[in-house]
Amino acid sequence: MLKPPEEHATVYSGGDSLFPLEVSGLAFSDRGRNLVDNVSLTLDGRSRTVILGPNGAGKSLLMRLLHGLLQPTAGTILWGGRPLDAAVRARQAMVFQRPTLLRRSAEENLRFVLGHLPRTARDARITELLADAKLTDIRTMPARLLSGGEQQRLAIARARAADPDVLFLDEPSASLDPASTHAIEELIRAIHAEGTKIILVTHDLGQARRLADDVVFVSRGRIMEHQPAADFFLNQRSDAARAYIEGRLDIGTVDQS
Amino acid sequence: MSDSGSILTLALSLVLSGDAELWSIIGLSLRVSLTAVLLACLIGLPLGAVLSVARFRGRGAVAALLNAFMGLPPVVVGLAVYLVLSRSGPLGVFGLLYTPAAMIIAQTILVTPLIAALARQSLADLHGEYDELFRSLGLSATEKVSALIWDGRYSLSTAALAGFGRAIAEVGAVIIVGGNIEHVTRVMTTTIALETSKGNLALAMALGIILILLALIVNAAVMALNRTARRLAYA
Ligand SMILES: Nc1ncnc2c1ncn2[C@@H]1O[C@H](COP(=O)(O)OP(=O)(O)OP(=O)(O)O)[C@@H](O)[C@H]1O
Ligand SMILES: [Mg+2]
């Protein structure tokens, strides 16, 4: 059943796609805690994958591992058969749970990641990105003076700028009002429509229902289930997921283990 | 009492009359210290930025060393530069001792650790904030350093001003390597030392007034920078 990694890699060596993403036996532990525990997962390149799970379950850690910001303690991550290196990461973008904006204006935050383009093309792209994110009016504002919703939209616009194959979004609409949440979901749909794989963490079940094609449920550093969204919302297979959906007080964090 | 009052009056009239000797001394002071700070920034800012970004063994030791060098006694720096530049020293052939160039070298050495250490501190905080974004974007070390320097420019300007404050006010280093030669290497602080010992208190006090004014200007500039940075949310 298990193929050695070299053989595995040759299967995909012709293609340029980052998919499928194949994760096996992935683990991350720190100070004796298994924060991500023996995770295996396969994702295709088309769907919008939503990761659900209680606070502290390890969702953000999992995204960091998949994006290569953290080194796993064990396991393998293969993007289209390739190990996660700088070239693979260059085709991915991430919007962090706390948006990290440069101490520059909104447009300078975009220009920063478009350095490779010639000037006129770059300015045109900035104008387009700002318009899509409904940020045209605040183009020259210092990014850190923007509202929470504007900051998130700017962070998403910046992640989109490089035209990534994969976009990781870690709770992009946490603490935003319904209108801002809607604007962000529209933006995510637009990016997905351009052919970008979406991997999204959220605690907003309405948002998960609206956006998810498939749901990965994480609890205590483990993947409890991975189902098509329609099936997941109809019938959770794991107790932890059922408790989470029903809003029961839970059990889901890593630290009681 | 009336004596020191009349000295003050004389000093003020010297300042206001645009006395040629006074202004040539001030001019040399500014030229030496501003050049030294410029050089110290060219070395210290990238050095501090690299130290705030790089991950290598012994990084903590280098940072501690910088912090220690921040408080180098000027006379010791002066002595070291003297030994290097004196006729029998390794750089003796250039004949730099007792020239403004020697004073610039000494002040550069004095101020570089200060600027580098302050830069490292403020850019390390900034880097902590940007680190994951930079890694996500796959930036090279050079791109990281230049982005940090640009985004930290207000606090770095403050570091440069602190360096200028230290350079313009020090006596120990410039008096040893400059020699306090009239019309050649005489700067404000060395003149004050000399004229006071000769009993020419008016000129000494006139220069003292200028030094205090410069200190006030530097402080005001630091405050203005901080205020601007806060207003733009760049701090
Ligand atoms: N870089 C790290 N090194 C060690 N431990 C970490 C690291 N990052 C997070 N943790 C720990 O791992 C656990 C899971 O954290 P994580 O941020 O992944 O949770 P999460 O599922 O995203 O939660 P939330 O919904 O609150 O964002 C937490 O107990 C946290 O303290
Ligand atoms: Mg999280």
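The values are calculated or read from the model by the stated rules, or taken from the named source; none is laboratory data. These numbers were taken from a predicted model, which means no experiment stands behind them. Backbone-built Cβ (ideal geometry, glycine too); neighbour counts: all protein chains shown. All accessible areas refer to the heavy atoms of the entire protein, side chains included, with ligands and DNA or RNA removed. Shrake-Rupley method; radii C 1.70, N 1.55, O 1.52, S 1.80 Å.
List of remarks:
- Carbon/sulfur fraction of accessible area - the protein assembly as shown, other protein chains in place, 1.4 Å, %: 60
- Under 12 Å, Cβ to Cβ, from B:MET70 - net charge with Lys/Arg +1 and Asp/Glu -1: +2
- Estimated FRET transfer efficiency when R0 is 30 angstrom, pair A:GLU194-A:ASP123 (beta carbons, to 0.05): 0.90
- Helical runs assigned H by DSSP (4 residues or longer) give chain B a calculated mean residue ellipticity at 222 nm of -27500 deg cm²/dmol, each run adding -39500 (n - 2.57) before division by the residue total.
- Between A:ASN55 and A:GLU186, the contour length at 0.36 nm per residue exceeds the Cα-Cα span by 44.6 nm.
- Separation between Cα centres of the range A:183-224 and the range A:46-112, rounded to whole Å: 14
- Using R0 = 35 Å, the C-beta based FRET efficiency linking B:PHE56 and A:HIS116 works out to 0.75.
- The calculated Kirkwood hydrodynamic radius for the range B:130-222 is 16.2 Å, given to one decimal from all distinct C-alpha pairs.
- Expressed as a fraction of 2.2 N^0.38 Å, the value expected for a compact globular protein of N residues, the C-alpha radius of gyration of the range A:111-257 is 1.22.
- For the range B:175-235, diffusion coefficient by Stokes-Einstein and Kirkwood Rh (Cα), 10 °C, 1.306 mPa s, µm²/s: 116
- Cα principal axis extents for the range B:21-97, largest first, Å: 50, 33, 22
- Sequence-distant residues sharing a close amide H with A:ARG48 (under 5 Å, placed H): A:ASP213, A:ASP214
- Chain B contacts chain A over a buried accessible area of about 1800 Å², both sides summed; the probe is 1.4 Å and only protein chains count.
- With the simple model of a label 7 Å out from the Cα in the direction of the Cβ, A:LEU205 to B:ILE212 spans 7.2 nm.
- Rh (Kirkwood; distinct C-alpha pairs) - the range B:5-54, Å: 13.7
- Rounded tilt (10° steps) of B:2-17 against the dominant C-alpha axis of chain B: 70
- Cα-based Kirkwood hydrodynamic radius, chain A, one decimal, Å: 19.1
- Here, the protein assembly as shown has an Rg and a Dmax of 30.8, 102 Å when only alpha carbons are counted.
- Cα-based radius of gyration for the range A:27-127, normalised by 2.2 N^0.38 Å, reads 1.34.
- Burial of 40 Å² or greater, the range B:120-137 residues [accessible area, probe 1.4 Å, versus chain by itself]: B:GLU129, B:TYR130, B:GLU132, B:LEU133, B:ARG135, B:SER136, B:LEU137
- Positive-pole candidate from A:ALA157, A:SER175, B:PHE69, dipole of the protein assembly as shown, charges at beta carbon: B:PHE69
- Among A:HIS116, A:HIS192, A:HIS182, the largest mean-square fluctuation in a Gaussian network model of chain A (Cα springs under 10 Å) belongs to A:HIS116.
- Computed over neighbours whose Cβ is under 10 Å from that of A:ARG103, the net charge equals 0, Lys and Arg +1, Asp and Glu -1.
- Globularity index of the range B:18-233 is 1.14 (Cα radius of gyration / 2.2 N^0.38 Å, N = number of residues).
- Interface residues of the range B:211-234, defined as those losing at least 20 Å² of solvent-accessible heavy-atom surface relative to the isolated chain (probe radius 1.4 Å), are listed as B:LEU232, B:ALA233, B:TYR234.
- log₁₀ of I(q)/I(0) at q = 0.17 Å⁻¹ - the range A:158-231, Debye sum with one point per alpha carbon: -0.69
- For the range B:117-124, putting each phi into the Karplus relation 6.51 cos²θ - 1.76 cosθ + 1.60 with θ = phi - 60° gives couplings of 5, 5, 5, 4, 4, 6, 6, 5 Hz, in residue order, rounded to whole numbers and with x for Gly and Pro.
- The Cβ shell under 14 Å around B:LEU156 holds other residues with a net charge of +1, Lys and Arg each +1, Asp and Glu each -1.
- Protein-only accessible surface order, largest first, of A:ARG91, B:ARG57 at 1.4 Å: B:ARG57, A:ARG91
- J(HN,Hα) series, the range B:182-193, from Karplus relation 6.51 cos²θ - 1.76 cosθ + 1.60, nearest Hz, glycine and proline x: 4, 6, 10, 10, 8, 10, 4, 5, 5, 5, 4, 4
- Within straight-line cross-link reach of A:LYS134, aspartates and glutamates at Cα separation under 15 Å, skipping those fewer than 8 residues along the same chain: A:GLU107, A:GLU150, A:GLU185, A:GLU186
- Its Cα centre serving as origin, the protein assembly as shown has a Cβ charge dipole (Lys and Arg +1, Asp and Glu -1) of approximately 520 debye.
- Calculated log₁₀ intensity ratio I(q)/I(0) where the Debye formula runs over C-alpha points of the range B:67-172, q = 0.11, 0.20, 0.23 Å⁻¹: -0.48, -0.95, -1.11
- Dipole of the protein assembly as shown, positive direction: furthest Cα of A:GLN236, A:LEU43, B:ILE26, with charges on the beta-carbon: B:ILE26
- Sequence-distant contacts, meaning Cα pairs under 8 Å at least 6 residues apart, place the relative contact order of chain A at 26 percent.
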